[in-house]
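Engineer: One structure, as structure tokens, below. Some questions next.
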Amino acid sequence: MLVGYGKEYQVIVVGAGHAGCEAALAAARMGCSTLLLTMGLDVVAMMSCNPSIGGLAKGHIVHEIDALGGEMGLNADATAIQFRRLNTRKGPAVRASRAQSDRMTYSARMKKIIESEEMLDLKQATVMSVEVGERGVRGVRTREGLFFASQNVVLTTGTFMRGLIHMGLQNFSGGRAGEPASLGLSDCLRDLGFSVGRLKTGTPARLSQRSIDFSKLQEQTGDTHIRGFSFLNNGLDVSQLPCHIANTNERTHEIIRNNLHQSPLYTGAIEGIGPRYCPSIEDKVVRFPERNSHQTFLEPEGRDSSEIYPSGMSTSLPPDVQLQFYRSMVGLEQVEIMRPGYAIEYDFVEPVQIRKSLETKLIDGLFNAGQINGTSGYEEAAAQGLMAGINAARRAMHRSPLVLGRDQAYIGVMIDDLTTQPTREPYRMFTSRSEYRLLLREDNADQRLTPLGRDVGLVDDSRWLKYEAKQVEFSKGLRVIEQRRISSSHKEILDSLELGDLSQGLSLKEVLRRPEIAIEQIVPFVDELASCGAEALEQLEIAVKYEGYIERQYQQVERMRGLEGQSLPASIDYMHITGLSQEVKERLAEVLPETLGQASRIQGVTPAAIAVLSIYLKRWKKEQQN
Amino acid sequence: MDLQDIIIAPATPPGEGGVAIIRLSGQGCVYLAQKFFYPSRSFEYPISHTLYHGYLKNAQGIQVDEVMFVFMAGPRSFTAEDVVEIHCHGGQQIVSMVLHVFLQAGARLARPGEFSYRAFVNGRIDLTQAEAIADLIHARSEKSHSLALSQLDGQLSQSLYSHKQSIKDSLCLIEAWIDFPEEELPAEDICSIRNGIAAAVRQLETMICSYNTGRLYSEGVSLLLLGKPNVGKSSLMNALLGEERAIVTDIEGTTRDLLEEGLVINGLPVRLVDTAGIRESCDPIEREGVMRARKRIDSSDLILLLIDGSRAVDAEDFSALNICSSSKYITVVTKSDLTEKIDLPVEFSEKVVHVSSRKHEGLDRLREQIYLSLIADSSRDENSILLTSQRHKVAATSAVNCLKRFIKALDSSLSLEFLATDLREALDALGGITGETTTDDVLDDIFSRFCIGK
């Protein structure tokens, strides 16, 4: 048996899905010798479920990944087959981008980027165990008998750990359709002392394009103007493919109802908890009996693929029942299933066991990211991968971890939620999860995060220069509109903006604050603004129009800052603090919050309990000094 | 707990002590207090630990009370922060008014144990006392929690709870519209949400207006008996109480001090305050009693102006009338069992009740008049909800402010996410009473009400 592989890596990443790819690229780009291990070299950055990136909150996360110097935004922009910006009629904070992706091209491009990264080795191997020494993690051992040494290991196992695929009452081991599960690793984690749980998710069948009668279906095309995800791209020119909308009917529902006894969800064969926001079609039919139709978007999986993904139609019914109910829908009368839909159960590691750096509390140098932390979604996984990669690299370089606050990024909200609240279902991001939603916008992700990305070494000069130019234009523009005043003598402007006769002069800022006035109407009259880029102008308009609300959110951030600034040492013995209820003690002992702010967000922890805690914190500090 | 806020609470127990102390603590509290304190000898910045005499006026410049003002610069204060104490006249009404002035101006009502907590955090209290204080905070919050629970079945909590539910329902819809724009959701009918919230604002405002009435129920009513000597104040008091409490004699001016007794009128707890007769007197003790009576007028909720029905109205009756004419009062013509010789001048109020304390006649009508004067004019129907505590009032008021901002934002066509911010803040404001509304609560609602999942 081989004792070692000969080379010690600074960072090893296990799994090359959306989390693993970001983690490995980040670590390597920060200058660490990095190894990325995957069970299959042909399935790097694979989209196991819907062939799309972004959407509400998820599009925000992709922008954040991009602003920090991650790859997802660029990869999605380069391989998209359709773009839609959602909520364009709502305010700036909840507008979000979504792209339909070419699944195979997405995977191929990501693999190429990884292969061309100098400090990064990509190898096929199945990791069976994490080796741990006295000073934390030592490396990983593979099924092939190889040992790869590293003091920093990032686990991104997706749905593969002890994956169990259900189709009707049949079930079999597998990590994704057609791919084996990873057996052994979660047992190793259990043996190391981790609490491991089980979750469930599902995916619909993939339908054959040529068997669908699209003439009977409503077409949905992409946007004419495409912004893209990455701040590096100024508008994209993509030849777009349409999606189509189909609907279930009473007949579909009847077929489903008549076959519930063959659904593992209803026979109790599935023990894992599934996401409520992504119910299977049988769940929808049962839970909303009053609905006589459900909508589905038929999404092409790529330019060179004839597979069609029917969104919102995930199912674990037997393949013959699937065929029956899909064929009951208008336009799908002759449909052929290329791959049947299925439900999958997999192991995850309870994320209250990780720190906000994503390093496990139990084992130094071991990081978890993605579905292993109980999340769902490519974007959520990629964001964690990026942060785990950054922090594994920083640990290798003996630097303190980068932790994003809830007021800085959805990524910060997600990691704080994961490490604070118990997992009830696979975690997905929604904009409503952020109490500072007005501050966390797609359009200002660069302002929020690019300086941090620059600090950690992921933002190169070209991105940085672009960012700085935008900032300069913004502050110059703001100065102009604050200082420049218009009065009745500016007849041309007044007429153009329909301001009537101004008895008193107004600054341009005050003019812009009016809801009916857009910044484009002002630009022609102000030379200094005419030279600003569209992105800087957009920032300017948002900053002025929503100043009051944004200011209030900053005040709320400020109020929490006191509590966030007080760190709680991990060695506090919560069970022996008098004045706390038993329930609060148990929750605190389980979560081991890193700050008083985090403690205050644990469910059941009252302001009074926080007061008691801060008293103890004070005493604890005093005792440490003596 | 937020250490940056200026917090305020009465430092003396509730009730009718002669003097009440209201304490403010926190950075900048002296500036806040100086905005409303008008010293009799002006100063720029108060010297620490020095009493100043002056008047407290509200934001509109109307005098609330004659007060003493003392500033204690941190760390030489109870909390080790800058502290201001306002010593005002006792009585819930004045205390409430003083609190109101500062709450309006941005101070926050202190939570249970919060002054002690700050004292500890700022190192004012020895570490050995830490556990005791922790227990205290725990015990007090437990107590208020169990109080809250005991109120759970009560109308008040139920009503606030139903407002919370309807606000949450609206928020749930708005959040669904924001986060799931491509799902098949109910049409974005913001108008019906507006109507619902506007109705909630109206109801909450009625509740806030009922605070004074509710306070009368929870803290009791102060009822002052006023009239010239020997008009029969003590007899009436005894008749109402049904027991010999005050000394009744025929010698004028027997009652020299304020006597207080508690009784219940139509479910309303009433403190009956007897006063020395109003007249010009050389007797220093009696003069003192008259002075106190005049002072008590300001802090009483209702005055019974007694006129002797067996005699003609004289100058002393008029001087009693002058004292109470700017307050709420009922004219009570006493001794109706004797031959009535009175012809009541028009200056006396429309509300006149004739009683005979000796024969116990007219007392029921008097009780009814008392009840109606105090309660009826607060224009509420029997089933509406009474706000009884300052805490409830503060919560309801700040919720109303958020909801009004919501309506304003909606009317100026701001997008849904701004509206959601206002609704969330309203829920937070009610949270102290009805329990917190977490993001997960809202998400739970969305997923159970709407079929989400693409």
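Engineer: What does the highest-first list of B:309-321, A:413-425 look like by mean Cβ count within 10 Å?
Structural biologist: A:413-425, B:309-321
Engineer: Take the alpha-carbon centre of the range A:133-162, take the same for the range A:444-511, and report the distance between them in whole Å.
Structural biologist: Their Cα centres are 50 Å away from one another.
Engineer: Can I ask one more? Which of A:449, B:270, A:263 sits farthest toward the positive end of the charge dipole of the protein assembly as shown, with +1 on the Cβ of Lys and Arg and -1 on the Cβ of Asp and Glu?
Structural biologist: A:449
Engineer: Per Stokes-Einstein, at 25 °C and 0.890 mPa s, what whole-number D in µm² s⁻¹ belongs to chain A, with the Kirkwood radius over Cα pairs as the hydrodynamic radius?
Structural biologist: Calculated translational D: 93 µm²/s.
Engineer: Could you pull out every whole DSSP H run in chain A that spans at least 30 Å of Cα extent along its own axis and averages -1.0 or higher on the Kyte-Doolittle scale?
Structural biologist: A:461-483
Engineer: Let me ask something additional. On average, how many beta carbons from a partner chain sit within 10 Å of the beta carbon of a residue in B:174-181?
Structural biologist: 6
Engineer: About its Cα centre, how strong a charge dipole does the range A:461-552 have in debye, to the nearest 20, once Lys and Arg get +1 and Asp and Glu get -1 at the Cβ?
Structural biologist: 260
Engineer: Set Lys and Arg Cβ to +1 and Asp and Glu Cβ to -1, take the dipole of the range A:461-552 about its Cα centre, and tell me which of A:533, A:471, A:497 lies farthest positive.
Structural biologist: It is A:471, whose Cα lies furthest towards the positive end.
Engineer: With respect to the cross-link table entries B:351/B:393; B:328/B:393; B:164/B:404; A:7/A:356; B:35/B:408, which display a Cα-Cα separation exceeding 26 Å?
Structural biologist: With Cα atoms farther than 26 Å apart: B:351/B:393; A:7/A:356; B:35/B:408.
Engineer: With an 8 Å Cα cut-off and a minimum separation of 6 or more residues, compute the relative contact order for chain A in percent.
Structural biologist: 16 percent.
Engineer: Moving to a separate point now. How far apart, in nm, are the 7 Å Cα→Cβ label points at residue B:448 and residue A:475?
Structural biologist: 5.1
Engineer: Turning to a different aspect of this structure: Over the Cα atoms of the range A:206-342, what is the Rg over Rh ratio if Rh follows Kirkwood?
Structural biologist: In the range A:206-342, Rg relative to Rh is 1.03.
Engineer: While we're here: Averaged over B:182-191, how many beta carbons belonging to a partner chain fall within 10 Å of each residue's beta carbon?
Structural biologist: Mean shielding by partner chains, rounded to a whole number: 2.
Engineer: Over all residues in A:141-154, what is the mean tally of Cβ atoms on other chains that come within 10 Å of each residue's Cβ?
Structural biologist: So the per-residue partner count for this stretch is 0.
Engineer: With unit charges on the beta carbon (Lys/Arg positive, Asp/Glu negative), name the residue among A:235, A:212, A:188 whose Cα is farthest towards the positive pole of the charge dipole of the range A:171-244.
Structural biologist: Of the listed residues, the answer is A:188.
Engineer: Ranking request for peptides B:402-409, A:307-314, B:202-209: highest mean number of other beta-carbon atoms within 10 Å first, then the rest in descending order.
Structural biologist: Result, highest mean Cβ count within 10 Å first: A:307-314, B:402-409, B:202-209.
Engineer: Take each of the peptides A:215-226, A:592-603, A:140-151, A:60-71, average the number of other beta-carbon atoms within 10 Å over its residues, and list them starting from the highest.
Structural biologist: A:60-71, A:592-603, A:140-151, A:215-226
Engineer: Once phi is turned into ³J(HN,Hα) by the Karplus curve 6.51 cos²θ - 1.76 cosθ + 1.60 with θ = phi - 60°, what whole-Hz value does each residue of the range A:31-37 show in order, with x for glycine and proline?
Structural biologist: x, 8, 5, 10, 10, 10, 9
Engineer: Also, quick follow-up: Which percentage, to the nearest 5, of the DSSP beta bridges contained in chain A is antiparallel?
Structural biologist: 75
Engineer: Counting other beta carbons within 10 Å of each residue's own, what order do A:342, B:52 fall into, fewest first?
Structural biologist: Placing the least packed residue first, the sequence is B:52, A:342.
Engineer: Report, in debye and to the nearest 20, how large the dipole of the protein assembly as shown comes out about its Cα centre when Lys and Arg carry +1 and Asp and Glu carry -1 on their Cβ.
Structural biologist: My answer is approximately 1160 debye.
Engineer: Could I ask something else about it? What share of the DSSP beta bridges in the protein assembly as shown is antiparallel, in percent to the nearest 5?
Structural biologist: Close to 70 percent.
Engineer: Over the residues of the protein assembly as shown, compute the C-alpha Rg and express it relative to 2.2 N^0.38 Å.
Structural biologist: 1.16
Engineer: Can you list residues from other chains, or at least 5 along the same chain, whose modelled amide H is less than 5 Å from the amide H of residue B:270?
Structural biologist: So residue B:270 has HN proximity to B:221, B:263, B:264, B:265.
Every number here is computed from the coordinates shown, using simple stated rules; none is lab data. All of these numbers come straight from a predicted model, not from anything done at the bench. Please note: Cβ atoms are built from the backbone with ideal geometry, for glycine as well, and neighbour counts cover all protein chains shown.
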